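Worksheet for the structure shown next.
The values are calculated or read from the model by the stated rules, or taken from the named source; none is laboratory data. All values reported here derive from a predicted model rather than from experimental measurement. Every residue, glycine among them, receives a Cβ derived from its backbone with ideal geometry; neighbour counts consider all protein chains shown. Just the protein is used for accessible areas: all its heavy atoms, side chains included, with ligands, DNA and RNA removed. Shrake-Rupley method; radii C 1.70, N 1.55, O 1.52, S 1.80 Å.
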Amino acid sequence: ADPSALTASYGAFYDDREGQWVDLLVLDVSKLTAGDLDDGVVYISIDEESGRHKGIKIINGSALPAPMTVTSDNSIYVQGNYNTVNWQPSAMMADAVYLLSNSWSDAQNPAPPHTLRSASSTEYHVAILSGDTPNAGAYNGGLENFPRFLEAWSGKTCTIFGSFINLFLSDNADGQWSYGGAIY
């Protein structure tokens, strides 16, 4: 009902894992109503262009208006506490799901060189169904590779109430997992 619930942000931030700037469609959950969700599924897809990573960013999602599943063949970036007020059944189904803390700022993730930004303790109540990526060796990072992080969480708590279901290798978000540097 509120057209400002979905906005575009081009070159929003630099995704170190993908090694690219991210063009986003930003979904502001606080502007949705239960009537907007009809069957509870929000599907958003953006055509990938060569050299431009596309994603869906979910903001202001601490209170969902109704049970909600967000799906995309692109990456989903969830910023801040999600579904923590008056819990609703919720899922994210995407090529990849990135969890961004409450202190995430797009503007503070410019092109490299830079170091990982510090996260703040954040909580998510959601089932995550997505892909992962292999790395150059035999070990692909395991749980550290699913879900994905772009911040330094040392000394902070990322609390997730939900399920993890790894369905496939990611098609769009295929940057290799590695530990250290500007990549979690």
Review point. Taking a quarter of the surface of the convex hull around the Cα atoms of the chain, what do you get in nm²?
Key: 10.0
Revision key, fill the gap. For 98-105, 142-149, ranked highest to lowest by mean beta-carbon neighbours within 10 Å, the order is 98-105, 142-149
Exercise for review: May I ask you to work out the translational diffusion coefficient for the stretch 48-150 at 4 °C, viscosity 1.567 mPa s, via Stokes-Einstein with Rh from the Kirkwood sum over Cα pairs, reported in whole µm²/s?
Suggested key: 87
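Shape of the stretch 16-63 from its Cα gyration tensor (a ≥ b ≥ c, root eigenvalues): rounded if a/c is under 1.5, otherwise prolate when a/b > b/c, or oblate?
On the way: a/c = 3.72, a/b = 2.06, b/c = 1.81.
Taking the square roots of the gyration eigenvalues as a ≥ b ≥ c, the stretch 16-63 is prolate.
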Point to revise | Label-to-label distance, nm, for residues given as ASP73 and LYS156 (7 Å Cα→Cβ offset) | key: 3.3
Exercise for review: Tally up the carbon and sulfur contribution to the accessible surface of the stretch 39-169 as a whole percent, 1.4 Å probe, everything protein left in place.
Suggested key: 55
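Would you tally the net charge around PHE168, using a Cβ to Cβ cut-off of less than 9 Å, leaving PHE168 out, and scoring K and R as +1, D and E as -1? It would help to have the intermediate numbers written out before the result.
Values: positive: none; negative: ASP95, ASP132, ASP171.
Once positives and negatives cancel, what remains is -3.
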Check your understanding: Per residue, how much accessible area does the chain show when a 1.4 Å probe rolls over the protein heavy atoms, in square angstrom?
Key -> 45
Check your understanding: Quick one: what do you get for the stretch 8-100 if you divide its Cα Rg by 2.2 N^0.38 Å?
Key -> 1.07
